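Trainee: After the C-alpha cells below, expect a handful of questions from me.
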Amino acid sequence: MNIIIASNNQGKIREFKKMLEPLGYTVLSQSEAGINIEVEETGTTFKENATLKAEAIYNLTHTSVLADDSGLEVEFLNGEPGVYSARYMGLNNDEDRRNCILGKLQGVEESKRNARFVCCICYIDENGEKKYAEGYWTGKIATEPRGNNGFGFDPIFIPDGVNRTSAEMLPEEKNAVSHRARALAKLREMF
C-alpha cells in the first residue's frame, strides 16, 4: 500500500521510511508524489498542525497520507519551543535553535533540565477517515551538542536511561524508541 508522508523534512521522511517500509508500505515523500507545497503550521497544538498537513495532501491526492507534528518541550522553559520547534525564536537553522536553548539553560542544574519530545500523527486513509496517535520521549537537555546522527534537537537531547544524546544513537536504536516510533506503534494498534 502506498502512503505519502506529508512533510518536506528529510530527517522525518528518512525515519518514517525506515519504520514503515519493513511493514510492507511503499512510502513516498511529498516530492516523490509530485507535490511541491509547504503547508503553513498555523495550529496551536501538535494535533492541529498534523491535521493541517495531512488534510492538505489528502485533498490533493485522495490517497493514504501520514503527517506528524513534533517538537521539543523543555520544562524549565515552560514547554518551549513546543509547537514552534521548527521556527523557534525566528531562527532559520537547527544549530541556531539548539544554541538558543543551550544559552537559555546555561548554568541551570541537571535536575531542572527535563525535556520531552512530543509527536502527534494524523493518518488519513484513502476513504478520508482520520486516526490520531501521540508519542512521548522523555529525557534531559545536555550542556553541549554531541553526536552526528539524527536532526533538529537530537544533539542536545539525552533520553532517560541512556548516557548519550539521541544524535549519538544509531538510527535503528533511535527509531525503536523515539517519540515518532511510539506514536507510530500506537497508530498500528488501531488497525
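The values are calculated or read from the model by the stated rules, or taken from the named source; none is laboratory data. Because the structure is a prediction, the values reported are computed rather than measured. Cβ placement follows ideal geometry from the backbone for every residue including glycine, while neighbour counts extend to all protein chains displayed.
Trainee: Of the residues that make up segment 160-169, is at least one in contact with a helix residue (DSSP H, G or I) (Cβ under 6 Å, 6 or more places away or on another chain), buried (at least 16 other Cβ atoms within 10 Å of the Cβ), not in a helix (DSSP H, G or I) and not hydrophobic (A, V, I, L, M, F, W, C)? Let's see the steps before the verdict.
Mentor: Filtering segment 160-169 for residues in contact with a helix residue (DSSP H, G or I) (Cβ under 6 Å, 6 or more places away or on another chain) gives 165-167.
Next, from what is left, pick out any that are buried (at least 16 other Cβ atoms within 10 Å of the Cβ): 165-167.
Within this subset, residues satisfying the condition of being not in a helix (DSSP H, G or I) are 165-167.
Going one step further and asking which of them are not hydrophobic (A, V, I, L, M, F, W, C), we end up with 165-166.
Yes, that holds for at least one residue.
Trainee: Name the single residue that is nearest to residue 162 (Cα to Cα) among those in segment 98-134 being surrounded by 14 or more Cβ atoms within 10 Å (Cβ to Cβ) and acidic (Asp, Glu).
Mentor: Of segment 98-134, the ones surrounded by 14 or more Cβ atoms within 10 Å (Cβ to Cβ) are 98-102, 104-105, 108, 113-126, 130-134.
Then drop every residue that is not acidic (Asp, Glu), which leaves 125-126, 134.
Values: 125: 36, 126: 39, 134: 22 Å.
Here the answer is 134.
Trainee: Would you confirm whether any residue within segment 55-63 is in contact with a Lys or Arg (Cβ under 9 Å, 6 or more places away or on another chain), buried (at least 16 other Cβ atoms within 10 Å of the Cβ) and closer than 22 Å to residue 148 by Cα?
Mentor: No; the residues of segment 55-63 include none that is in contact with a Lys or Arg (Cβ under 9 Å, 6 or more places away or on another chain), buried (at least 16 other Cβ atoms within 10 Å of the Cβ) and closer than 22 Å to residue 148 by Cα.
Trainee: For segment 33-76, enumerate the residues that are under 23 Å from residue 94 (Cβ atoms), more than 17 Å from the chain's Cα centre (by Cα) and touching a residue at least 24 places away in the same chain (Cβ under 8 Å).
Mentor: 75, 76
Trainee: Of all residues in segment 174-191, which are farther than 19 Å from residue 141 by Cα and either of a type in the set (Asp, Glu) or part of a loop (DSSP other than H, G, I, E, B) (or both)?
Mentor: Initially, segment 174-191 is screened for residues farther than 19 Å from residue 141 by Cα, giving 175-176, 181-191.
189, 190, 191 - these are the residues of segment 174-191 that are farther than 19 Å from residue 141 by Cα and either of a type in the set (Asp, Glu) or part of a loop (DSSP other than H, G, I, E, B) (or both).
Trainee: When you check residue 95 against the structure, is it farther than 16 Å from residue 134 by Cα, charged (D, E, K, R) and either buried (at least 22 other Cβ atoms within 10 Å of the Cβ) or in contact with a strand residue (DSSP E or B) (Cβ under 9 Å, 6 or more places away or on another chain) (or both), yes or no? Steps first, please.
Mentor: Details: farther than 16 Å from residue 134 by Cα: yes; charged (D, E, K, R): yes; either buried (at least 22 other Cβ atoms within 10 Å of the Cβ) or in contact with a strand residue (DSSP E or B) (Cβ under 9 Å, 6 or more places away or on another chain) (or both): no.
Answer is no for this residue.
Trainee: Is it the case, given these coordinates, that residue 139 is of a type outside the set (D, E, K, R), under 17 Å from the mean Cα position of the chain (by Cα) and either under 30 Å from residue 63 (Cα atoms) or exposed (fewer than 15 other Cβ atoms within 10 Å of the Cβ) (or both)? Quick ask: steps written out before the conclusion?
Mentor: Values: of a type outside the set (D, E, K, R): yes; under 17 Å from the mean Cα position of the chain (by Cα): yes; either under 30 Å from residue 63 (Cα atoms) or exposed (fewer than 15 other Cβ atoms within 10 Å of the Cβ) (or both): no.
Judged against the criteria, residue 139 is not a match.
Trainee: Tell me, which residue of segment 20-55 that is of a type in the set (A, V, I, L, M) and closer than 16 Å to residue 120 by Cβ is modelled with the lowest pLDDT? Step through it out loud before you land on a result.
Mentor: Filtering segment 20-55 down to residues of a type in the set (A, V, I, L, M) leaves 20, 23, 27-28, 33, 35, 37, 39, 50, 52, 54.
The next check asks that each one be closer than 16 Å to residue 120 by Cβ; those that pass are 39, 50, 52, 54.
On the way: 39: 93, 50: 98, 52: 98, 54: 98.
So, considering only residues that are of a type in the set (A, V, I, L, M) and closer than 16 Å to residue 120 by Cβ, the one modelled with the lowest pLDDT is 39.
Trainee: Looking only at segment 143-159, count how many residues are part of a loop (DSSP other than H, G, I, E, B), of a type outside the set (Phe, Trp, Tyr) and touching a residue at least 40 places away in the same chain (Cβ under 8 Å). Please lay out each step first, then the result.
Mentor: Within segment 143-159, the first condition is being part of a loop (DSSP other than H, G, I, E, B), and the residues that meet it are 143-153.
Those still in the list that are of a type outside the set (Phe, Trp, Tyr) too: 143-150, 152.
Keeping just the survivors that are touching a residue at least 40 places away in the same chain (Cβ under 8 Å) gives 143-145, 150, 152.
Number satisfying all stated conditions: 5.
Trainee: When you look at residue 123, is it part of a strand (DSSP E or B), within 23 Å of residue 79 (Cβ to Cβ) and not small (Gly, Ala, Ser), yes or no?
Mentor: On the way: part of a strand (DSSP E or B): yes; within 23 Å of residue 79 (Cβ to Cβ): no; not small (Gly, Ala, Ser): yes.
Against the criterion (part of a strand (DSSP E or B), within 23 Å of residue 79 (Cβ to Cβ) and not small (Gly, Ala, Ser)), residue 123 does not qualify.
Trainee: Considering only residues that are out of contact with any Asp or Glu (no Cβ under 8 Å at 6 or more places or on another chain) and among the hydrophobic types (A, V, I, L, M, F, W, C), look in segment 47-64 and name the one that is farthest from residue 180 (Cα to Cα).
Mentor: If we take residues in segment 47-64 being out of contact with any Asp or Glu (no Cβ under 8 Å at 6 or more places or on another chain) and among the hydrophobic types (A, V, I, L, M, F, W, C), then 60 is farthest from residue 180 (Cα to Cα).
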